[in-house]
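Notes to accompany the following structure.
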Amino acid sequence: MNRVIICVFVAIMAMPVSSFGQIFENKELSEKYPAPVDVAEIPEDAAITQTGVGYRILKENPQGAIPKTFSIVKVNYVSWRNDGTFLFSTLENEPVVVQLFEATPAWREAIRKMKVGEKIRIWAPAYTNASPTGNMLVYDLELLDSYDSVM
């Protein structure tokens, strides 16, 4: 059953990001989750990974567990395009559960820098996310849980 859920999530993550906007975009949620003021570009005070993903820790949890490469993680997120367009929020639905190595490169890299209970904002250049339009995407990710994979 878990493999089916993971496969469905991977299929959704592979959808063109423009489809997310068309499917989920609505005025009420756009107003409920306005874009942060810093979505246009990676701020100077953000840390940057080797692949160019910018990130800033929004909420720390020093005691949280750190996900491993093959962990299954449970995440809440809100996402926007770098022009401020709201894309999607799991806060209105259920958190996503994904095997970390199957996530987009930006998510993989960012979540590996998090501990359970932390919240992070990432600026994911197009080459590290699922955006076919070439847009950088901005995510607020909250790592709710991490489970060891049984591979």
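The values are calculated or read from the model by the stated rules, or taken from the named source; none is laboratory data. Note that the structure is a prediction, hence the values are computed from the model and not measured. So basically every Cβ, Gly included, is an ideal-geometry build from the backbone, and we count neighbours across all protein chains shown.
One table, with the values for the structure above:
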read-out	value
Hits in the range 109-123 (condition: farther than 17 Å from P62 by Cβ and over 9 Å from the mean Cα position of the chain (by Cα))	E109, W123
Count of residues meeting criterion [in contact with a Gly (Cβ under 7 Å, 6 or more places away or on another chain) and either assigned to a helix (DSSP H, G or I) or among the acidic types (D, E) (or both)] in the range 101-122	1
Any hit, the range 95-102, residues being at pLDDT 90 or above, over 21 Å from Y127 (Cα atoms) and over 15 Å from the mean Cα position of the chain (by Cα)	no
Selection count where residues are surrounded by 22 or more Cβ atoms within 10 Å (Cβ to Cβ) and closer than 20 Å to P36 by Cβ, scope the range 89-119	5
Near pairs, Cβ below 6 angstrom, 6+ apart or cross-chain, from the range 63-83 (basic (K, R)) to any residue that is in a loop (DSSP other than H, G, I, E, B)	K74/P95; R81/N135
Tally of residues being modelled with pLDDT under 95 and under 20 Å from K74 (Cβ atoms) across the range 113-128	1
Residues within the range 41-100 that are charged (D, E, K, R), under 19 Å from E118 (Cα atoms) and part of a loop (DSSP other than H, G, I, E, B), tallied	4
Members of the range 123-146 that are part of a strand (DSSP E or B), farther than 19 Å from K68 by Cα and of a type in the set (A, V, I, L, M, F, W, C)	W123, A124, L137, V138
